[in-house]
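Notes follow the structure.
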Amino acid sequence: MAKIHMILQGKGGVGKSFIAATLAQHKFAKGKNPLCIDTDPVNATFHGFKKLNVHRINVMNNDEIDPRKFDDLIELIANTENDVIIDNGASTFVPMSHYLISNQIPVLLLDMGHELVVHTVITGSQAMLDTLNGFAHLVKQFPEEALFVVWLNPYWGEITMNGKRFEDMKVYQDNKKRVSAIIRVPHYKAETFGKDLSEILQSKQTFSEALEDNNLPIMVRQRLNIIKKQLFASIENVAAVLT
């Protein structure tokens, strides 16, 4: 059985491509060869990671899903024995979610012997309410066959509301039975770890490429190695869901 990892969130700039790239790198590090796909018609960030051999499939036609292009996506993943990682853009969030549900894709994938894992992101500051609403929308729309993984990304600010952590918020308490795993992205200092991570993401470098780049200062590579180990350890902690 292959796991189809789909990253969905309606808010842009919250780390969807970062999650897709991190998942892919972890699988490659384990000797696996995931099928990586970018469906973002606007900002195909995941596709920019050349080392990850990401396929780009624009499934949109104006503001709607193009059925034929979506068919191509399903054909691509139907017979794979390897896990699949699909990064979706914010602009495709509503039509993609609707199309997946209305065409009963989670059940179809299960019938094929696959399992759908929906990854969504919660972030802090002004984007927090939008990402919380996006999470609630997804859980409400998707059937029980879909597993959910929530990534808490504090890049834009701490994920707290009225002194409550995400796990204590009503939106989580109402939907926690649907959440198979929570992954906390560490809060990286903007001037050091955060800057180093941001720069390799902007340059579309994998951790391995950056760590082998002798043009990067030793301490930059050291910090990136720490980040890589932390993120990979977080994935390993929920390996039963992700692998």
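Every number in this text was worked out from the coordinates using simple rules, so none of it is lab data. As the structure is a computational prediction, the values presented were derived from the model and not from experiment.
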Backbone HN-Hα couplings from phi across region 45-56 [Karplus 6.51/-1.76/1.60, Hz, Gly and Pro as x]: 5, 4, 4, x, 7, 4, 5, 8, 6, 7, 7, 10
Using 29 Å as the Cα-Cα cut-off, could you pick out the over-long pairs in K3/K69; K27/K170; K204/K229? K27/K170
For region 3-187, averaging the sequence separation of alpha carbon pairs under 8 Å that lie six or more residues apart and dividing by its residue count, the contact order in percent is 25
At the level of C-alpha centres, the distance separating region 188-210 and region 110-149, in angstrom, is 26
In whole angstrom, how long is each semi-axis of the equivalent ellipsoid of region 28-99, when you take the square root of 5 times every eigenvalue of its Cα gyration tensor and sort them from largest down? 22, 14, 9
Calculated from backbone phi, Karplus (6.51, -1.76, 1.60) coupling profile of region 111-127 in Hz, x at Gly/Pro: 5, 7, x, 9, 9, 8, 10, 8, 9, 9, 10, 10, 10, x, 6, 5, 7
Which cross-chain or sequence-distant (5 or more) residues have an amide H under 5 Å from the amide H of T160, H modelled 1.01 Å from N in plane? S125
So who's got an amide H within less than 5 Å of the one on L116, skipping anything under 5 residues away but keeping other chains? H placed 1.01 Å off N, in plane. I4, L147
In the chain, helical segments from DSSP H whose Cα atoms cover 24 Å or more along their own axis and that average at least -0.5 on the Kyte-Doolittle scale are 218-237
